[in-house]
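J.: Quick one: the structure is below, and I'll ask about it shortly.
The values are calculated or read from the model by the stated rules, or taken from the named source; none is laboratory data. Since we're looking at a predicted model, the values are computed, not measured. Because the Cβ atoms are built from the backbone with ideal geometry, glycine has one as well, and the counts that use them run over all protein chains shown.
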Amino acid sequence: MKGSVHNTGSKKEPSGAGSLDFPDPRHRELEELSCLYEVTKALSSTLNLRAALKDVMNILASRMGMTRGTISILKPGTSELQIEVAHGLSAEARRRGRYKLGEGITGRVVATGEALVIPRIGEDPRFLNRTRSRGRARKQDTSFICVPIKHDNETIGALSVDRPFSDDASFESDLRLLTIISGLLAQSVSKLQAANAEKESLLNENKTLRRALAEKYHVGNLIGKSSRMQEVFDMVLRVAGSNATVLLRGESGTGKSMIAKAIHFNSRRKSKPFIMVNCSALPETLIESELFGHEKGAFTGASSLKKGRFELAQGGTIFLDEIGDLPNAVQVKLLHVIQEKEFQRLGSARSLKCNVRIVAATNKNLEEAMENGQFREDLYYRLNVFPIYLPPLRERRTDLLLLAEHFMERFARENDKPIKRISAPAIDCLMRYHWPGNVRELQNCIERAVLVCDEEVLRIHHLPPNLQVSEDCSEKGRTMRSLAEGVAMFEKELIVEALVETKGNQTKAAKLLDTSLRIINYKINKYGINPKAYKDRP
């Protein structure tokens, strides 16, 4: 390691307090060894890298009379240096301490990999004082020593110290000591550099995911063209910007969780957490702890402090699904949270402030539950500030094909399938079904069909058996069909598909199916197909 020393002073001044200028060389050696021992001990005594580096800076301050000191780290993949740990600098000064490679003394040391000593920083134009922590008078009486921190022959940062200026100060000794210390710091700084890079990567990934979620749950991207769903979307837009409590109602599988996310990601809280809680999935003995958290020792098995969902959702939104299944004792506490905006962890007497927006959902008849004493009336009115009713799929038939095609494209993409469309007979089959499980059942149905389909067209025989029932069969109350019926249904589907593709042209349909026009006409009459119905059909 080379070090350049520029001594511009001529007047002898006493050494700074605590510096390593000792008349007895043996005394200096002992002091250096003691300093190195303390530095090594500080680096090996904790797994907290930043705390260990701060301890090292404190040791240098007490041993070298250092008034200020910094450890600057080079951001991986960039040419920017930033102060990571400092002694004698304010938080604001540390934030200002950014340098490009080659910029200022610190930037030059990292760029060249060589140490620099500036006896009087006020006389060197390369010194930028980016942190603004040194006045003009102090510059004349301050020396600056900066050494590179190297790991695997690569400069990853710099260690710098300010110390009182003295003509007879032994800069070579200080430089040697700091160079040895920088070698000891290298591994810790390298780990901190990697940790910072990982943290930044996670933050960027988090921002990307939040942007993707905000786009996915933008009201304009939700699927539904029916008048019933347009009313729902309009209500979502009206309530999203407020802090009003929302109660989502509707049958199971109608998309209540999707609407809850849309409310959150279209609100001012979209950058804060969105926490989901399924009240029916949690045991009654644990739900209070899950919602509000507990202190260590609050009950048997509470071996450590645990934050509840309300605490984790601070500043954001908590979605309480299946709110109708909430136990009575917890209903009382939830009512208190809504009214007072505060809660207590189990086993604690301290109240925690709660800035959380509540969106609740249920498929139960809460009015009936109130009459039976299963749901508190006061909680009902607190939750029912802005109710939104989600219609079942059977009441929004115009959305069924849009949803089916959306799920088909999604699962075909996920499973690398060549499927491009749903056949007309399969669409008719989907439209005839009553969908008791609503959108969730449709999603599962299409996913299953995509998995068993190896063609470009999703047909009737790819659908689940409970959907493969013709009108004639359903009238007879049958769910099973003979081989002849199955073949006839498949044959009819192929002819209909060909007519759809040829806009009802029987000659082109016969050519497409590699058969004669006479056979096509015979089959059309046999199955009661009307070619004219497909002339203008998309």
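J.: Of all residues in the stretch 342-362, count the ones that are surrounded by fewer than 19 Cβ atoms within 10 Å (Cβ to Cβ) and either more than 13 Å from Ile318 (Cβ to Cβ) or aromatic (Phe, Trp, Tyr) (or both).
T.: 10
J.: Moving to a separate point now. Any idea which of (1) acidic (Asp, Glu); (2) closer than 15 Å to Val147 by Cβ; (3) within 31 Å of the chain's Cα centre (by Cα) is the one Glu80 doesn't satisfy?
T.: (2)
J.: Then there is this: Here's a check for you: in the stretch 349-395, which residue that is assigned to a loop (DSSP other than H, G, I, E, B) and among the small types (Gly, Ala, Ser) is farthest from Gly293 (Cα to Cα)?
T.: If we take residues in the stretch 349-395 being assigned to a loop (DSSP other than H, G, I, E, B) and among the small types (Gly, Ala, Ser), then Gly373 is farthest from Gly293 (Cα to Cα).
J.: Name every residue in the stretch 38-49 that is of a type outside the set (A, V, I, L, M, F, W, C) and surrounded by 15 or more Cβ atoms within 10 Å (Cβ to Cβ), in order of residue number.
T.: Of everything in the stretch 38-49, just one residue is of a type outside the set (A, V, I, L, M, F, W, C) and surrounded by 15 or more Cβ atoms within 10 Å (Cβ to Cβ), namely Glu38.
J.: Scan the stretch 376-398 for residues that are surrounded by 20 or more Cβ atoms within 10 Å (Cβ to Cβ) and over 30 Å from Leu334 (Cα atoms) and jot them down.
T.: Selection gives Leu393, Arg396.
J.: Scan the helices (runs of 4 or more DSSP H) fully inside the stretch 243-320 and keep the ones with 1 or more residues being at pLDDT 90 or above and among the polar types (S, T, N, Q).
T.: Ranges flagged: 256-265, 284-292.
J.: Any chance the stretch 433-440 includes a residue that's under 27 Å from Ser482 (Cβ atoms) and either assigned to a loop (DSSP other than H, G, I, E, B) or outside the structural domain of Gly224 (by TED's automatic domain parsing) (or both)?
T.: Within the stretch 433-440 (the criterion being under 27 Å from Ser482 (Cβ atoms) and either assigned to a loop (DSSP other than H, G, I, E, B) or outside the structural domain of Gly224 (by TED's automatic domain parsing) (or both)), the answer is yes, since at least one residue qualifies.
J.: Might you check whether a residue that is among the hydrophobic types (A, V, I, L, M, F, W, C) and either under 25 Å from Gly255 (Cβ atoms) or in a helix (DSSP H, G or I) (or both) occurs anywhere in the stretch 338-348?
T.: Yes, the conditions are met somewhere in the stretch 338-348.
J.: Answer yes or no: is there a residue in the stretch 422-431 that is small (Gly, Ala, Ser), more than 21 Å from Ala488 (Cβ to Cβ) and not in a strand (DSSP E or B).
T.: No, every residue in the stretch 422-431 fails to be small (Gly, Ala, Ser), more than 21 Å from Ala488 (Cβ to Cβ) and not in a strand (DSSP E or B).
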